[in-house]
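For reference, the structure is listed below as structure tokens.
The values are calculated or read from the model by the stated rules, or taken from the named source; none is laboratory data. Just so it is clear, the model here is predicted, and its values are computed rather than measured. With ideal geometry, Cβ positions are generated from the backbone for all residues, glycine too; neighbour counts draw on all protein chains shown. Calculation scope for accessible area: heavy atoms of the full protein, side chains included, ligands and nucleic acids excluded. Shrake-Rupley method; radii C 1.70, N 1.55, O 1.52, S 1.80 Å.
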Amino acid sequence: MNIDIKDQKTKFKFPIWGWFFVFFAVVFTVDGIMVYIASTTWNGLTTDNAYERGLNYNKTLAENLNQQEQGWIHEIELQKKDKGDAFRLYVTIISNDIGPLPKDSKVTATFFRPTQSGYDKTFLLSATTTPGQYTADNIELPLQGLWDIKLTTRHNNESYKAVKRMDIRW
């Protein structure tokens with residue numbers, strides 16, 4: 001009795017259409033995971049009126065150049081108050097042309113979170129007794145971390161804009 005071992009081994013051969021199915025199953029699974037992660041982690045941070053801002057880019061550059069030629073200097077200081085999580089904002093603005101910013105100027109500071117939308121806060125600053133200095137009290141921010149402070153000043157149809165990034169901790 002002579003038994004051939006080759007006859008007893010049955011070789012399983014995976015068909016080509018099976019490999020085709022496995023390949024696309026893996027691709028669709030990975031794509032599905034990426035779509036899920038992208039749709040659940042998007043914070044909605046976008047630029048409003050991006051097209052119009054792009055069209056006005058040269059105007060913005062001209063305004064920035066004009067602002068530099070006028071020699072505007074600004075200083076932004078944030079001091080923690082004694083109680084709670086509140087801060088006091090001090091802004092000093094001086095121009096080579098007009099000196100310290102006049103008291104009748106409108107100064108606003110917008111705290112903008114560069115990584116998350118929905119936490120922006122705008123404060124109207126009031127003039128102090130020191131020429132060119134403005135302040136806002138009781139600034140409370142919902143989160144610690146990086147914040148952009150966008151400063152906007154208006155006086156006699158002229159505007160001054162500045163941005164300062166600060167790491168705010170309490």
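Quick notes
- Scanning region 35-53 for residues that are over 20 Å from Phe112 (Cα atoms), of a type outside the set (A, V, I, L, M, F, W, C) and surrounded by 10 or more Cβ atoms within 10 Å (Cβ to Cβ) turns up just one, Tyr36.
- Of all residues in region 28-56 being among the β-branched types (Val, Ile, Thr) and part of a loop (DSSP other than H, G, I, E, B), the one that is modelled with the highest pLDDT: Thr47
Listed here are the residues, each with its yes/no results for (1) out of contact with any helix residue (DSSP H, G or I) (no Cβ under 7 Å at 6 or more places or on another chain); (2) hydrophobic (A, V, I, L, M, F, W, C); (3) more than 30 Å from Leu125 (Cβ to Cβ); (4) at pLDDT below 85.
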position: Phe21; (1), (2), (3), (4): yes, yes, yes, no
position: Lys81; (1), (2), (3), (4): yes, no, no, yes
position: Ile93; (1), (2), (3), (4): yes, yes, no, no
position: Asn96; (1), (2), (3), (4): yes, no, no, yes
position: Ser105; (1), (2), (3), (4): yes, no, no, no
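- Residue check for Asp120: out of contact with any helix residue (DSSP H, G or I) (no Cβ under 7 Å at 6 or more places or on another chain), in contact (Cβ under 8 Å) with a residue 24 or more places away in the chain and of a type outside the set (S, T, N, Q): no
- Residue list for region 125-141, filter: over 16 Å from Pro102 (Cβ atoms) and open to solvent by 40 Å² or more (accessible area, probe 1.4 Å): Asp137, Asn138, Glu140
- Condition met for Lys81 (of a type in the set (Lys, Arg) and open to solvent by less than 70 Å² (accessible area, probe 1.4 Å)): yes
- In region 142-166, residue surrounded by the fewest Cβ atoms within 10 Å (Cβ to Cβ) [restricted to those that are closer than 25 Å to Asn64 by Cβ, free of Cβ contacts under 8 Å to residues at least 60 places away in the same chain and in contact with a Phe, Trp or Tyr (Cβ under 9 Å, 6 or more places away or on another chain)]: Arg165
- Evaluation of Gly99 against (1) under 22 Å from Asn66 (Cα atoms); (2) crowded, with 16+ Cβ neighbours inside 10 Å (one fails), failing number: (2)
- Per the conditions (1) of a type in the set (A, V, I, L, M); (2) within 24 Å of Lys59 (Cα to Cα); (3) surrounded by 18 or more Cβ atoms within 10 Å (Cβ to Cβ), the sole criterion not satisfied by Ile94 is (3).
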